1. Pairs, please: C-beta under 8 Å, at least 6 apart or cross-chain, first residue more than 10 Å from every other protein chain (Cβ to nearest Cβ) and part of a loop (DSSP other than H, G, I, E, B) and in region B:51-70, second among the basic types (Lys, Arg) and within 13 Å of ligand 2 (Cβ to nearest atom)?
2. In region A:238-251, how many residues are crowded, with 20+ Cβ neighbours inside 10 Å and more than 22 Å from the chain's Cα centre (by Cα)?
3. For region B:24-37, what are the residues that are away from ligand 2 (no atom under 16 Å from the Cβ) and at the interface with chain A (Cβ under 8 Å from one of its Cβ atoms)?
4. Going by the conditions given, is A:GLY269 at pLDDT below 95 and over 16 Å from A:ILE203 (Cβ atoms)?
5. Out of region B:88-124, which residues are of a type in the set (A, V, I, L, M, F, W, C) and either in contact with an Asp or Glu (Cβ under 7 Å, 6 or more places away or on another chain) or away from ligand 1 (no atom under 15 Å from the Cβ) (or both)?
6. Determine which member of the set A:ALA74, A:ALA42, A:ALA70 is at pLDDT below 95, crowded, with 22+ Cβ neighbours inside 10 Å and under 30 Å from A:VAL182 (Cβ atoms).
7. Enumerate the helices (runs of 4 or more DSSP H) found wholly within region A:285-381, keeping only those where 1 or more residues are charged (D, E, K, R) and either within 18 Å of A:TYR59 (Cβ to Cβ) or over 16 Å from the mean Cα position of the chain (by Cα) (or both).
8. Kindly indicate the residue of region B:144-185 that is in contact with a strand residue (DSSP E or B) (Cβ under 9 Å, 6 or more places away or on another chain), within 14 Å of chain A (Cβ to nearest Cβ) and more than 21 Å from B:THR2 (Cβ to Cβ) and also nearest to ligand 2 (Cβ to nearest atom) among those meeting that condition.
Amino acid sequence: MATVTSLRPQFKASPYLIGAGILFIVTFIYAVYLKVTLGYAAFNTTNYGVFWGFPIVVYDYFLLTSVGLALVAAVPLALGVRALDPIAKRCVWLAIAALVGGVAILFMELAHPLRALWATPLNLQTASPLFWKILCVGAYTIVLVLTALALARGARPGEVPRPLAILLGLLALAIAAIAGSVYGMLVFRPFWYGGELPVVFIIESVMGGLAFVIFFTYVAYGMAPDTVPQGTRELLAGPLGVALAVAVLLHLLFTLARTVTGLWSYGEGMQVWQYTVSQPLYWLGLIGGGVVPLVVFATPTLRTQPWLQIVGGFLVAVGLLASRYEFLINGQLVPPFKGSWAPSLLEYAPSQFEWVLFFMGVFLANTIYAGLESWSSTRQE
Amino acid sequence: MTKWGMVIDLEKCTGCQACTTACAMENSRLPGEAWQDVLFYHEGRYPNVKVSWLPRPCMHCENPSCVAVCPTKATYKTEDGVVLVDWDKCIGCKYCMIACPYGVRFYMDEKPVVQPDLREVFPGDGDRIWNPPYRMPDHLADRKKGIGIQPKGVVSKCTFCYHKISKAPKGVADLDEDDPATREYTPACVRVCPPKARYFGDLDNPNSKVSQLIADKRGVRLKEETGNKPQVYYLAGGAAPVVPGERSQERG
Ligand code: SF4
Ligand code: SF4
Ligand code: SF4
């Protein structure tokens, strides 16, 4: 149980924070250097059809993980499920870290990020899912910071204003659903098109959120499971582990259903499914990020093993990134309307700069998280 | 109200790419930034090969998905039915490129498609992405309408030569290069077409040549299933223009 003293913010720079911070600075400087020196060759996107590349994959991945964490946090904060109190604050910290990491990558990718900040709200293009996504992400950022401030000031999860927590949950839900609609609305891109996508995105967000909070709880305790309080350990091995198993199962069902239907379909554009299943990345996402963690978290004797939880959580996080990549990139590989000028299936692999952006985002998110953990009293739950 | 539209007669088109060249010159486009292109399609295998082609400008859709998805309203539709991009509002998110079923939008802050990179040979001054010696005169450029050479980090597309057609006499039914009164207002690709396969005029005027051609020769639009309702019509002898997908080859 937390004491008043332990809840008071006390900053202590951990080796984790220092390491992540240094790596972030190095990758950031290298990213800026590459962007300046490579100029137009920095990105591997082209006008033939792959318009959104790896940075957008990672941005979406981080954003969806952030809202997934906010949804998990909303269970104790908004719904009052006190059993989840021990991880509420960590979820909020991680949600901030993932959001900052993702938005930083987007700002490095987008040509005019600052223009987006005024041109989007002022022009009210309500027909665009992207308009709503940007608007909701703006509101979500504010609500998330307010929630974090309340927690940082020493409020217990049950003391965070309920309307604020409900708003946080609703915005997180809306962002995940709208992010799905961004792709799902595109009727002439059959690989993406479908009304189920908003639901899939919500489920995958929660799945990412649960995997992150399980993995990073152990990170916060220096990867020493014995030092994790008994109550928290039981939470990870019990309700959270089971919830993750359910989310992974649903994700697997959606993936398999989409794959089988896609392989059977003979519509133009659906031939990308044959390519998709021939790629190791697809199987990494499916087996490594799906089947293996499902076995771990669905088996009572396995999910109580801390190291299996750590590996399982990590596998889900990596598998989700692989799935996000395969979904977003492969959806663009059949070039629409380019005739014989373009190959029947485009090729894309992230450029060096795009990889550096990814690592920059990862290290930035880790720095923010480590900083928040060091500063707050999360460890004394 | 005028609703500008184009008719392309595929029975006359020879695939010569004069339109493509004229568009690139008129609008100072970079290599690879084909606002207008003639797409070639190959079907079958040797010796039974069929080659077909399709000239493709922006369709200036009546119900444009690019306009609907643009989060900042940088892409918009004018009262006279033309889809334009305001480069001062474009954030370079490329959602419009993702959402255009006809693949007619370009983002030129990418790897060059030919060497040397002409942006380095003719570096842009001020806000221009490049500065070719044969560029469009400055007084015609309008960044609020996506006319001229774009700044960095925005999307560009065919404007229906808005710098020309918007100055045409009010109420005119057709913009025809053979009519001295409208020649200067006729889009560049229409004006240079050697077999006169391209026509440009007011789709809302039943007496315009474009309206008559669409009615008499059963003009068709591409990808009707998307609901975009292009304002570019194709004449193909009554049949739908053939745009074979990759899969038609696979299964043939
Ligand atoms: S063809 Fe594409 S870019 Fe042109 S108006 Fe239609 S949707 Fe927009
Ligand atoms: S790239 Fe520009 S024109 Fe296209 S959707 Fe984004 S803001 Fe609109
Ligand atoms: S109308 Fe003008 S901008 Fe459009 S394709 Fe023709 S020449 Fe190019």
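The values are calculated or read from the model by the stated rules, or taken from the named source; none is laboratory data. Predicted model only: the values in this text are computed from it and were never measured. All Cβ positions, glycine included, derive from the backbone under ideal geometry; neighbour counts span all protein chains shown.
1. Correct list of pairs: B:CYS58/B:ARG105; B:CYS58/B:LYS157; B:PRO64/B:LYS77.
2. Total satisfying the criteria: 0.
3. The answer is B:GLY32, B:ASP37.
4. On the way: at pLDDT below 95: yes; over 16 Å from A:ILE203 (Cβ atoms): yes.
For A:GLY269, the condition - at pLDDT below 95 and over 16 Å from A:ILE203 (Cβ atoms) - is met.
5. Keep residues of region B:88-124 that are of a type in the set (A, V, I, L, M, F, W, C), which gives B:90-91, B:93, B:96-100, B:104, B:106, B:108, B:113-114, B:118, B:121-122.
Within region B:88-124, B:ILE91, B:PHE106, B:MET108, B:VAL113, B:VAL114, B:LEU118, B:VAL121, B:PHE122 qualify.
6. Numbers: A:ALA74 fails: at pLDDT below 95; A:ALA70 fails: at pLDDT below 95.
Of A:ALA74, A:ALA42, A:ALA70, the one residue that is at pLDDT below 95, crowded, with 22+ Cβ neighbours inside 10 Å and under 30 Å from A:VAL182 (Cβ atoms) is A:ALA42.
7. Details: elements: A:292-298, A:300-303, A:306-330, A:352-375.
So the answer is A:300-303, A:306-330, A:352-375.
8. B:VAL155
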